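All remarks here apply to the structure that follows.
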Amino acid sequence: MKQLKILIICSMVLMLFTFSQCRKNKNDEPQLPPETTTGAMTFGCKVNGKVFVPRDGNGRPGLFVQYVNLGNVPDGGWHLNIPAYNYSTKRGVSIETDSLFLLEGIVYEFKPQKKGYPLAWYEEVKNGSSEIYGKLENDSGILSIKKHDQINRILSGTFSFTGTKIATGEKINITEGRFDIRY
């Protein structure tokens with residue numbers, strides 16, 4: 001009889017624990033990934049103060065990375081492409097370079113479509129239409145390279161920028177950006 005009581009109590013405790021784990025925490029908002037330099041394949045930032053992290057349609061990181069050298073030809077050199085997209089919210093942040101080898105410890109200014117500089121923009125799809133907020137010449141924006149390990153192909157850094165919607169002049173602020181990628 002005593003063993004039956006213990007078994008019933010243990011079963012009830014187990015059921016309570018199981019059901020308490022099923023409840024969703026109201027604070028399950030996305031969190032910024034930590035600033036790492038290990039090639040963790042992470043990306044995140046704040047868009048007007050709200051955390052943005054890329055996700056594919058299945059909850060995995062929606063992060064695609066290219067950093068390639070196209071050689072010593074016209075329009076060659078090192079090209080970085082990081083389109084980070086969240087498929088459920090239909091929002092994305094992109095960082096690119098055109099003909100720029102990124103050096104560890106250097107802070108670069110984002111410049112709109114200038115060879116040898118990084119560029120950045122924010123995009124969101126509303127009512128089936130894409131709205132682009134590009135970093136314009138007079139907007140602020142920096143890309144800081146924390147680690148560039150060519151042997152292990154790791155590129156890590158931080159970024160921030162102000163983007164402007166050209167059609168309306170509306171601004172968006174991207175802050176506390178960080179990435180830690182393998183290319």
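The values are calculated or read from the model by the stated rules, or taken from the named source; none is laboratory data. From a predicted model like this one, the values you see are computed outputs, not experimental measurements. Because the Cβ atoms are built from the backbone with ideal geometry, glycine has one as well, and the counts that use them run over all protein chains shown. When the accessible area is computed, the model is the full protein with side chains, heavy atoms only, and any ligands, DNA or RNA have been set aside. Shrake-Rupley method; radii C 1.70, N 1.55, O 1.52, S 1.80 Å.
In the structure shown, do any of K50/K115; K114/K171; K50/K114; K114/K147 have a Cα-Cα gap over 27 Å, and if so which?
Pairs exceeding the cut-off: K50/K115; K50/K114.
For segment 152-169, take each phi angle, set θ = phi - 60°, evaluate the Karplus expression 6.51 cos²θ - 1.76 cosθ + 1.60, and give the result in whole Hz per residue in order, putting x for glycine and proline.
Each residue of segment 152-169 in turn: 8, 6, 10, 9, 10, x, 10, 7, 7, 6, 9, x, 10, 7, 4, 4, 10, x Hz.
So which aspartates and glutamates pass the test for K46, namely a Cα distance under 15 Å, with those fewer than 8 places away in the same chain ruled out?
Those aspartates and glutamates meeting the cut-off are E29, E35, E123, E124, E176.
Please list, ordered by chain and number, the residues whose modelled amide H lies under 5 Å from the amide H of M41; skip anything fewer than 5 residues away on the same chain.
Excluding prolines and chain starts, which carry no amide H, the hits are D180, I181, R182.
For the pair V68/I166, report the inter-label distance in nm, with labels modelled 7 Å from Cα in the Cβ direction.
My value for the distance between the label points is 2.6 nm.
In whole Hz, what ³J(HN,Hα) sequence does segment 133-145 give by Karplus (6.51, -1.76, 1.60; θ = phi - 60°), x for Gly and Pro?
Using θ = phi - 60°, the values come out as 10, x, 6, 8, 3, 8, 7, 7, x, 9, 10, 10, 8 Hz.
Excluding ligands and nucleic acids, what accessible area in Å² is computed for Y117 using a 1.4 Å probe, to the nearest 10?
The value for Y117 is about 90 Å².
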